[in-house]
Amino acid sequence: MGKRNKLVEGIIIGAIIGGAVSLFDKETRSSVIQGSKKLKDKTTTLIQHPELVTDTVKEKYETIRTTIEQVSEDVSFVAGKVEKLKETTPQVMEIVNDTKEAFVEKYGDEQK
């Protein structure tokens, strides 16, 4: 037979014993009981009304879908602006160089 993993077994046993010991504290016990009741109530409600789960999932899906569409539109807008900038930058550089040359031609000799 193969060897058993005693570490995992020890961790599980330790967790069970630790949980049981912590229940000796009245506040911890009360908190666990209240949490268990809330969980039971929520579970019961979801079992009796499964449409609540589907409605919530649909709402989250729509929210995510809308967000993705908005991000996609924003990315497209920015990409369009970048393309326009790529197109206009060489034209602007040409205008700047032409202006520089005109100033050099007109005023270049006077600055010497």
Is segment 23-36 home to any residue that is open to solvent by less than 100 Å² (accessible area, probe 1.4 Å), basic (Lys, Arg) and assigned to a helix (DSSP H, G or I)? yes
What are the pairs, 6+ residues apart or on separate chains, where a residue within segment 35-58 that is over 27 Å from Leu23 (Cβ atoms) has its Cβ under 8 Å from a residue that is at pLDDT 95 or above and not basic (Lys, Arg)? none
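The values are calculated or read from the model by the stated rules, or taken from the named source; none is laboratory data. Please read these numbers as outputs of a predicted model, since none were measured by experiment. Don't worry about glycine lacking a Cβ; one is built from the backbone with ideal geometry, like all the others, and counts go over all protein chains shown. Protein only, heavy atoms only, side chains kept; ligands, DNA and RNA dropped before computing areas. Shrake-Rupley method; radii C 1.70, N 1.55, O 1.52, S 1.80 Å.
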